[in-house]
Amino acid sequence: MRIVVVGTGGVGSAFAAIAQRRSFFERITLADLDRARPQTVVDRLGEPDRFAAAEVDASSEESIFSLIRDVDADAVLNATDPRFNPQIFDACLRAGVTYLDMAATLSQPHPQRPYEETGVKLGDYQFAQHERWEQAGALALIGIGIEPGAADVFARYAADELFSEIDEIGIRDGANLVVEGYEFAPTFSIWTTIEECLNPPVIWEKRRGWFTTEPFSEPEVFDFPEGIGPVECVNVEHEEVLLVPRVIDCNRVTFKYGLGDELIDVLKTLHKLGLDSTERISVRGVEVAPRDVVAAALPDPMTLGDRMTGKTCAGTLVTGIGTDGRPRKTYLYHVVDNEWSMREYGSQAVVWQTAINPVVALELLAEGTWSGVGVLGPESFPPQPFLDKLAELGSPHGVVELTP
């Protein structure tokens, strides 16, 4: 398998370091707007026969298509932020190659009732082209990071193996990570964090379909495993709520994120000041988007690993009736300790936890264990091979039984 990775920030670089220890691919081409960035990663990996660097403009479908053809790629991993999804997605369909991303195309709030009704939902652009991908005999695997991604696989495993009836599937994400030396330093892309956290959160219910609430709604304290402990989580817009109900029979799907008071206050302030906007404004004759300025002013999350301590946890809380006919409440999760991921791979925990999942998916696709055509999410595939591969890669998942 010949793979192109578009974007060599934290996740793209971590993907390459994880994939280097596997034999399922023939060659990986790492591509970015400035060729020097992927070349640095290639030089660090030290295997020029297996890894190459290339220049690509992720905002240009033609640039991406040309690169796919130049390297004769079989698959493209989109490791950029979701602004570039449509161009990369469309170039892959045009070239007839497998497409993977870790976040779906962006949403747009309902123009009149943003905190009640959905407008353009996450992934709508992609799922609208499902039949075209089917007709082309090609696969677009949407949302194969940790969340969405492994969290969806956990949901499918619970539905297949643990439950006879499911009431709610609720993704719960929390951490006790600390970054030393900074007043404020997000551990993941602030651009994406702003997008997820300030957009109206989406909830799905069988009787209502998809609907929205206000940002940071329905706070609850969830006790995370592996020593992380209780963290307050709030509703956040996320792909699982759009993906899971398409495949899994349940009554409700939610996503709640343990943001913490400080991050919530920062996000509210950015919104109040208009610094979350992606619309360009003129500043002394230069056109800039305020959100891009915020992202440029903060430290790059991929550089924070040696200043970070603690763990990050992503998981799926499932409630319903177990296969024994009794009420059941189960949390299936994945935890990464930053000290371990830095020591083993040189990647901080949050980006490493995201990057391992497309490695697993691509290996399963290369082996023929997973296969499909059309636009699909990770919950569409058999979960056990994915979970087995995670464990094989030294990244075990856990299960906690809670009191129903």
*Can you tell which of Gln353, Met308, Pro230 lies farthest toward the positive end of the dipole of the chain, using +1 and -1 charges on the Cβ of basic and acidic side chains (Lys, Arg; Asp, Glu)?*
Gln353
*Using only the Cα atoms of region 96-163, build the gyration tensor, take square roots of its eigenvalues as a ≥ b ≥ c, and label the shape rounded, prolate or oblate: rounded if a/c is under 1.5, else prolate if a/b is larger than b/c, else oblate.*
oblate
*All other residues with a Cβ under 13 Å from the Cβ of Ile321 taken together, and with Lys, Arg as +1 and Asp, Glu as -1, what is their net charge?*
-2
*Any chance you could look up the accessible area of Thr213 with a 1.4 Å probe, heavy atoms only, rounded to 10 Å²?*
20
*Just list whichever of Lys206/Lys272; Lys268/Lys389; Lys256/Lys389; Lys121/Lys329 have alpha carbons separated by over 32 Å in the model shown.*
Lys206/Lys272; Lys268/Lys389
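Carbon and sulfur atoms: what percent of the 1.4 Å accessible area of the chain do they account for?
Here carbon and sulfur together make up 47 percent of the probe-accessible area.
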*Please get the size of the charge dipole for region 145-203, origin at its Cα centre, with Cβ charges of +1 on Lys and Arg and -1 on Asp and Glu, quoted in debye to the nearest 20.*
120
*Would you work out the relative contact order for region 337-404, in percent, from Cα pairs under 8 angstrom that are 6 or more residues apart?*
19
*Alpha-carbon centroids, region 334-353 and region 181-244: separation in whole Å*: 22
*Go ahead and estimate [θ] at 222 nm for the chain from helices alone: -39,500 (n - 2.57) per DSSP H run with n ≥ 4, summed, over the residue count, rounded to 500.*
-9500 deg cm²/dmol
*Average Cα contact separation per residue, the chain, under 8 Å, 6 or more apart, as relative contact order %*: 20
*Given region 142-264, what percent of its DSSP beta bridges are antiparallel, to the nearest 5?*
65
*asked:* Just to check I understand the Karplus step: with θ = phi - 60° and J = 6.51 cos²θ - 1.76 cosθ + 1.60, what whole-Hz values come out for region 241-247, glycine and proline as x?
replied: 5, 8, 8, 4, x, 5, 10
*Starting from the Cα gyration tensor of region 222-267, take the square roots of the eigenvalues, sort them a ≥ b ≥ c, and report rounded, prolate or oblate (rounded when a/c is under 1.5, otherwise prolate if a/b is larger than b/c, else oblate).*
oblate
*asked:* What does the extension gain come out to for Ser60 and Val178, with contour length at 0.36 nm per residue minus their alpha carbon separation?
replied: 38.7 nm
*Suppose every K and R has +1 on its Cβ and every D and E has -1 on its Cβ; what is the size of the dipole of the chain about the Cα centre, in Debye to the nearest 20?*
240
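Can you give me the relative contact order of region 19-75 as a percent, contacts being Cα pairs under 8 Å and 6 or more apart?
Relative contact order of region 19-75: 32 percent.
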*Gaussian network model of the chain, Cα springs within a sub-10 Å range: biggest mean-square fluctuation belongs to which of Val42, Val236, Val293?*
Val293
_GluC sites (Glu not before Pro) within region 235-326, DSSP loop, no more than 16 other Cβ atoms inside 10 Å_ = Glu279
*Note the full-extension length gain between Arg326 and Val247 as 0.36 nm times their separation in residues minus their Cα-Cα distance, in nm to one decimal.*
26.1 nm
_Pick from Ala16, Ala104, Ala136 the residue whose mean-square fluctuation is largest in a GNM of the chain, springs joining Cα atoms under 10 Å._
Ala136
*Under a point spin-label approximation (7 Å from Cα along Cα-to-Cβ), what is the Arg21-Leu298 distance to one decimal in nm?*
2.9
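Of all trypsin sites (Lys or Arg not before Pro) in region 1-91, which ones are in loop regions per DSSP and have a Cβ with at most 11 other Cβ atoms within 10 Å? Don't skip to the end; give the middle numbers.
Working: sites: Arg2, Arg21, Arg22, Arg27, Arg35, Arg44, Arg50, Arg69, Arg83; in loops: Arg21, Arg22, Arg35, Arg50.
Listed in order of number, the matching sites are Arg21.
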*asked:* At 1.4 Å probe radius, can you tell me the per residue accessible area of the chain in Å²?
replied: 41
*Counting DSSP beta bridges with both ends in the chain, the antiparallel % (nearest 5)*: 60
*asked:* Springs between alpha-carbon pairs under 10 angstrom, Gaussian network model over the chain: which of Val71, Val56, Val266 fluctuates most?
replied: Val266
*In the chain, with Lys and Arg counted as +1 and Asp and Glu as -1 at Cβ, which of these residues, Tyr115, Gln129, Leu364, has the Cα nearest the positive end of the dipole, that is, farthest along it?*
Gln129
*Which length gain, in nm to one decimal place, applies between Asp70 and Leu33 when the Cα-Cα distance is subtracted from 0.36 nm times their residue separation?*
11.7 nm
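The values are calculated or read from the model by the stated rules, or taken from the named source; none is laboratory data. As the structure is a computational prediction, the values presented were derived from the model and not from experiment. Don't worry about glycine lacking a Cβ; one is built from the backbone with ideal geometry, like all the others, and counts go over all protein chains shown. Remember, those area values only see protein heavy atoms, side chains included, never the ligands or the DNA or RNA. Shrake-Rupley method; radii C 1.70, N 1.55, O 1.52, S 1.80 Å.
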